[in-house]
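Below is one structure, written out as structure tokens, with a few remarks after it.
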Amino acid sequence: MVSQKVIIKNPTGLHLRPAGILCKEAMNFKSLITFQYRGNTANAKSVLSVLGACIKCGDEIELVCEGEDEEKALAYLVQMIEDGLGE
């Protein structure tokens, strides 16, 4: 299991479009990918779970990957989030 904290830079947080991009990219990995925010855990492969976390701009989440491609998944998804998820 590997994890890393990352700050959400999207001006409107993780609304539908960036949440969909995050989920789509997370689905490309075999690892279990979740993130923790304010004591709750959300499944990064579920749009409803990501939206339900109500992540705003400037919030810090801890991305957690567990599985055979965990390190590759973590590095890729952290970079995607830092780059703004297409926004």
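The values are calculated or read from the model by the stated rules, or taken from the named source; none is laboratory data. Owing to the predicted nature of the structure, the values given are computational and were not obtained by experimental measurement. Don't worry about glycine lacking a Cβ; one is built from the backbone with ideal geometry, like all the others, and counts go over all protein chains shown. For accessibility, only protein heavy atoms count, side chains too; no ligands or nucleic acids. Shrake-Rupley method; radii C 1.70, N 1.55, O 1.52, S 1.80 Å.
When both bridge partners sit in region 29-87, DSSP labels roughly 100% of those beta bridges antiparallel. With a simple spin-label model that places each label point 7 Å from the Cα along the Cα-to-Cβ direction, the separation between ILE7 and CYS57 comes to 1.3 nm. Counting only protein heavy atoms and a 1.4 Å probe, the chain has 56 square angstrom of accessible area per residue.
Within a Cβ distance under 15 Å of PHE29, other residues only, what is the Lys/Arg minus Asp/Glu net charge? Intermediate results must be reported in sequence, preceding the final value.
Values: positive: LYS24, LYS30, LYS45, LYS72; negative: GLU25, GLU66, GLU68, ASP69, GLU70, GLU71.
With Lys, Arg at +1 and Asp, Glu at -1, the net is -2.
Grab the other residues whose beta carbon is less than 13 angstrom from that of ILE61, score K and R as +1, D and E as -1, and report the net. Display every interim value, and only then the final one.
On the way: positive: LYS5, LYS9, ARG38, LYS56; negative: ASP59, GLU60, GLU62, GLU82.
Taking every Cβ under 13 Å from that of ILE61, the sum is 0.
Axis angle, to the nearest 10 degrees, between helix 16-26 and the longest C-alpha principal axis of the chain: 10 degrees. Tell me the carbon and sulfur percent of the accessible area for region 28-72, rounded to whole percent, probe radius 1.4 Å. Here it works out to 47 percent. Give me the angle, in degrees from 0 to 90, between the Cα long axis of helix 70-82 and the longest principal axis of the Cα atoms of the chain, rounded to the nearest 10. Between helix and principal axis, roughly 20 degrees. Kirkwood analysis of the chain, using all unique Cα-Cα pairs, places the hydrodynamic radius at 12.3 Å. LYS56 sits with roughly 120 Å² accessible to a 1.4 Å probe, with DNA, RNA and ligands left out of the calculation.
In percent, how large is the relative contact order of the chain, given Cα pairs closer than 8 Å and 6 or more residues apart?
Values: 168 pairs, mean separation 40.9, N = 87.
Once divided by the residue count of the chain, the mean separation gives 47 percent.
Computed from point charges on the beta carbon alone (+1 for Lys and Arg, -1 for Asp and Glu), the dipole magnitude for the chain about its Cα centre is near 320 Debye. Placing a label point 7 Å from the Cα of LYS72 along the Cα-to-Cβ direction, the residues of region 2-33 whose backbone N falls under 12 Å of that point are 28-31.
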